[in-house]
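Asker: Starting off with a structure, shown below.
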Amino acid sequence: MKRLKLLSIGLLSISTLYTFNTVSHAENTIFSKFDSNQKEWVGKPAPSFKLQDQSSKWHELSQYKGKWVVLYFYPKDNSPGCTQEANQFKALYPQFIKNNAVVLGVSLDDVKSHQQFSDKLGLNFPILADNNHKLAEQLGIVRNLGIAKIAKRETFLIDPQSTIVYHYSSVNTQTHAGQVLADIQKFTKK
């Protein structure tokens, strides 16, 4: 009877250690994936692009040399989170300009959709149509939803020399614009 009790306690201890080790490994995998995703882009040149905005005006990365570029991707025009995020950038856009920065929203929607979205919200910054998915695919942020594709909600902060200095892979639509502005101010003071 005592042996059986000791054997049960031993097995329970081994099981507990195994479970703890598995959970610990899973957490490390999640965090290391986040870290490697961040490190994948930081320090690398931003990919060049040529995309039209909501007014059919063409934008290229090269025209913003010497400025900070906030390249923020969002899933879909007129969705609640995307509307909230766009309004946050709109409210802070004058502060971005004062800090030598331009904000460029990007989604896989077309120019016509962007025009309607921009008019509805009165946006004061360009939103670019990446409807062929080229830029989003280069950055690895296309999400396939069966027959439809959308861009993941991620942002790339590009310095005045066209180098990616930060990749925001997790975005809170209510606070993100303020966070990016604060980061530009921190980088500028360095």
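The values are calculated or read from the model by the stated rules, or taken from the named source; none is laboratory data. Because the structure is a prediction, the values reported are computed rather than measured. Glycine gets a Cβ as well: all are built from the backbone with ideal geometry, and neighbour counts include every protein chain shown.
Asker: Report yes if Gly10 is loosely packed, with under 14 Cβ neighbours inside 10 Å and modelled with pLDDT under 50, otherwise no. Give the steps one after another, and end with the answer.
Answerer: Working: loosely packed, with under 14 Cβ neighbours inside 10 Å: yes; modelled with pLDDT under 50: yes.
Yes; evaluated as a whole, the condition is true for this residue.
Asker: Here are some conditions: (1) more than 14 Å from Phe89 (Cα to Cα); (2) over 12 Å from the mean Cα position of the chain (by Cα); (3) in a loop (DSSP other than H, G, I, E, B). Gln174 meets all but one. Which one does it not meet?
Answerer: Every listed condition holds for Gln174 apart from (1).
Asker: Any residue at all in segment 64-71 that is assigned by TED's automatic domain parsing to the domain that holds Val171, closer than 17 Å to Gln115 by Cα, in contact (Cβ under 8 Å) with a residue 40 or more places away in the chain and surrounded by fewer than 20 Cβ atoms within 10 Å (Cβ to Cβ)?
Answerer: Scanning segment 64-71, I find no residue that is assigned by TED's automatic domain parsing to the domain that holds Val171, closer than 17 Å to Gln115 by Cα, in contact (Cβ under 8 Å) with a residue 40 or more places away in the chain and surrounded by fewer than 20 Cβ atoms within 10 Å (Cβ to Cβ), so the answer is no.
Asker: Taking segment 172-186, which residues are touching a Phe, Trp or Tyr at 6+ places or on another chain (Cβ under 8 Å) and among the hydrophobic types (A, V, I, L, M, F, W, C)?
Answerer: Those that are touching a Phe, Trp or Tyr at 6+ places or on another chain (Cβ under 8 Å) and among the hydrophobic types (A, V, I, L, M, F, W, C): Ala177, Val180, Leu181, Ile184.
Asker: Does Asp119 meet the test of being buried (at least 23 other Cβ atoms within 10 Å of the Cβ), over 15 Å from Gln179 (Cα atoms) and either over 13 Å from the mean Cα position of the chain (by Cα) or not polar (S, T, N, Q) (or both)?
Answerer: So Asp119 does not fit the description; no.
Asker: Now, a different point. For segment 142-157, what are the residues that are of a type in the set (Val, Ile, Thr) and closer than 30 Å to Gln185 by Cα?
Answerer: Val142, Thr155, listed by residue number.
Asker: Return the only residue of Lys90, Lys5 being assigned by TED's automatic domain parsing to the domain that holds Lys120, assigned to a helix (DSSP H, G or I), charged (D, E, K, R) and at pLDDT 50 or above.
Answerer: Within the list Lys90, Lys5, the selection yields Lys90.
Asker: Kindly provide the set of residues from segment 126-160 that are in contact (Cβ under 8 Å) with a residue 12 or more places away in the chain, of a type in the set (D, E, K, R) and not in a strand (DSSP E or B), ordered by number.
Answerer: Asp130, Lys134, Lys152, Arg153, Glu154, Asp159 - these are the residues of segment 126-160 that are in contact (Cβ under 8 Å) with a residue 12 or more places away in the chain, of a type in the set (D, E, K, R) and not in a strand (DSSP E or B).
Asker: Now for a separate question. Gln174 is checked against (1) in contact (Cβ under 8 Å) with a residue 12 or more places away in the chain; (2) surrounded by 14 or more Cβ atoms within 10 Å (Cβ to Cβ) and fails just one. What number does that condition carry?
Answerer: Result: Gln174 fails condition (2) only.
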